[in-house]
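The values are calculated or read from the model by the stated rules, or taken from the named source; none is laboratory data. Keep in mind it's a predicted model, so treat the numbers as computed, not measured. Ideal geometry is used to build each Cβ from the backbone, glycine not excepted, and the neighbour counts take in all protein chains shown.
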Amino acid sequence: MEGDPAIILVSGDHGDVLLEEFRSRYDRDYDLRVAGDAGEAEAVAQEILERGGMVALFVSDSRLPDVDHIFEAIHRWRQVIPTARKVITAHWDHFVEDGPPLRIGLAKGKYDAYLLMPRGRRDEEFHNAITDLLSDWGSTVPQPEVVSAKILSPHQDALTMAIRDFLDRMGMQNKVWDPADPAIADYLGMIKAQLGVEELRYPVVYAANRVPIQATSVRDVAVSIYGRPGDFKVDGVVDLAIVGGGPAGLAAAVYGASEGLSVVVLEAEAIGGQAGTSSMIRNYLGFPRGISGMRLAQRARNQALRFGTDFFTGWEVRELVIGADGEPHQLCTDGGDVRARTVLVANGVAYRKLGVPPLEDLVGAGVNYGAAMTAAREMEGYDVVVVGGGNSAGQAALHLARFASSVTIAVRRPGLEETMSQYLIDEISYNERIHVLPCSRVVDGGGEGQLEWLCLEDINTGERTTKEARGLFLLLGAEPRCDWLPPELARDRNSFILTGRDVPREMWVDGLPPANLATTVPGIFAAGDIRSGSMKRVAAASGEGASVVPLVHAYLAPVPDAEAGTATPVS
């Protein structure tokens, strides 16, 4: 790879305007190229690719002299460099007229933003869109230039990949170095001296200016950066302990802490939950160009931190001990316990296992549960298969299509319409690298230490087909993570937590049901995917998390003397 990543500006009539605007802001960090038409831009992109460079962004006029429609040009550029982001910026004489037909393409994912060409200096709305897209592109670069976590590992084994995925989801740019690289020989010596060892055990992780560690698990990395729950002390008891750092838990943390509650969030994996693995969420309110799950989660985490929330990542809650006679509840982890007056259970769901032994043995070596954003970057030029028909599967397929030569979505149903949002179906139908294989399931696969092939079966005919595949991404539906919960919390037949009027009538108090998000145990609430009847959407989970906070306030409020002997509904 040579030089800075390129931004290609394309216009037959206004190339000088675009160049002047971009030169003042991006000339130091990007290689700015100007092309007069679609063909020239394609040639420039091909030349950059052939010399080992990267194209971060195409910024094109809405009208080009050598194509009948701009979508033809975008399609050609996409064929050359699918990872580049694409912006159409219309001249002010054409913006209103060109908008309606171009926005149809925006809805189908043909390009990333439709903007008005800047008319003067300090057009911050324009540049906010550009920097957002450049940031999104930068998060997909296999080896970023600026890193906050360094990994030393001779192999891209399952543990190294899992550590990279955790760091990616926590928003920490990271890079892997081979210990055999002579350029880091002195660095290795410094680390050995710091750790007091003669030989290092890999992978070694040096993150956020903490002491380097010889990691044996992702938790080791999390602890080195974020600490242990047992280290937390605030007069012994917090107002609200949240189990799960997905959208529901994060929303509750933001609103709870902003209203003066002491809040702790315990997350077993990385902040964001399953939503945090989504490459691009386009239907979340307030983000017209979409936002990645990681960015949404980290923005929410930073917002909660600003109000005083404490986070502990990498710690799974083993047990919830219900407080007796008004005593605080207790959340037990291997790293210490947290005592809380109220608890929000928002730890979401896990993907169901495929149950094919040869493939389970290759988890982390081409086989992945979830979107596995880091693994997606390793799929460049390979064929991959995504199993699942929900929104997460659709988002994963679209992201993988930026790197893989082909993406097959295998679903048991006849199509995607019953389980996937229409905007994703439209984007998938437009993308020539993605193929939907209905009425199919994965029944076998294997490889020498790395996934190499898969066998898929038609569930109607029983016919089996074997195909080459370097990646398998399994997004198979939801199973609640409830084995740590006490039996006093009522659950439905699928083990999702019952709240509000869904609680069986015989468990109501004085004929009244619990409050809408309250469980059968006073002071314990549930929100998000783990709650029975939830929508399984990011916005719905966020709304539920925020809605828990007034219920917490009501539960913690002192009971007036006149009502002290009066029974109240569980809330």
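Annotations
- Among the residues making up the stretch 432-449, a single one is modelled with pLDDT under 90 and under 25 Å from the mean Cα position of the chain (by Cα): E432.
- Looking at E72, E42, just one residue is out of contact with any Pro (no Cβ under 6 Å at 6 or more places or on another chain), closer than 21 Å to A401 by Cα and modelled with pLDDT of 95 or more, and that residue is E42.
- Yes/no for A376 being within 30 Å of L134 (Cβ to Cβ), touching a helix residue (DSSP H, G or I) at 6+ places or on another chain (Cβ under 8 Å) and not assigned by TED's automatic domain parsing to the domain that holds D529: yes
- Residue, nearest to K536 (Cα to Cα), within the stretch 420-464, restricted to residues that are touching a helix residue (DSSP H, G or I) at 6+ places or on another chain (Cβ under 8 Å) and among the hydroxyl-bearing types (S, T, Y): S421
- Restricting the stretch 504-515 to residues that are in a loop (DSSP other than H, G, I, E, B) and free of Cβ contacts under 8 Å to residues at least 24 places away in the same chain, the residue that is nearest to G348 (Cα to Cα): P504
- Count of residues meeting criterion [surrounded by fewer than 20 Cβ atoms within 10 Å (Cβ to Cβ) and aromatic (F, W, Y)] in the stretch 1-26: 1
- On the stretch given as the stretch 82-124, residues that are in contact (Cβ under 8 Å) with a residue 60 or more places away in the chain and in a strand (DSSP E or B) total 2.
- Considering residues of the stretch 251-272 that are out of contact with any helix residue (DSSP H, G or I) (no Cβ under 6 Å at 6 or more places or on another chain) and assigned to a loop (DSSP other than H, G, I, E, B) only, the residue surrounded by the most Cβ atoms within 10 Å (Cβ to Cβ): E269
- The stretch 283-400 holds helices (runs of 4 or more DSSP H) entirely within its bounds, and those carrying 1 or more residues that are modelled with pLDDT under 90 map to 293-306, 373-377, 391-400.
- Of the residues making up the stretch 413-447, those that are in contact with a Pro (Cβ under 8 Å, 6 or more places away or on another chain) and free of Cβ contacts under 8 Å to residues at least 60 places away in the same chain are R413, P414, G415, P438, C439.
- Filtering the stretch 316-330 to residues that are at negative phi and out of contact with any Phe, Trp or Tyr (no Cβ under 9 Å at 6 or more places or on another chain) leaves V321, I322, G323, A324, E327, P328, H329, Q330.
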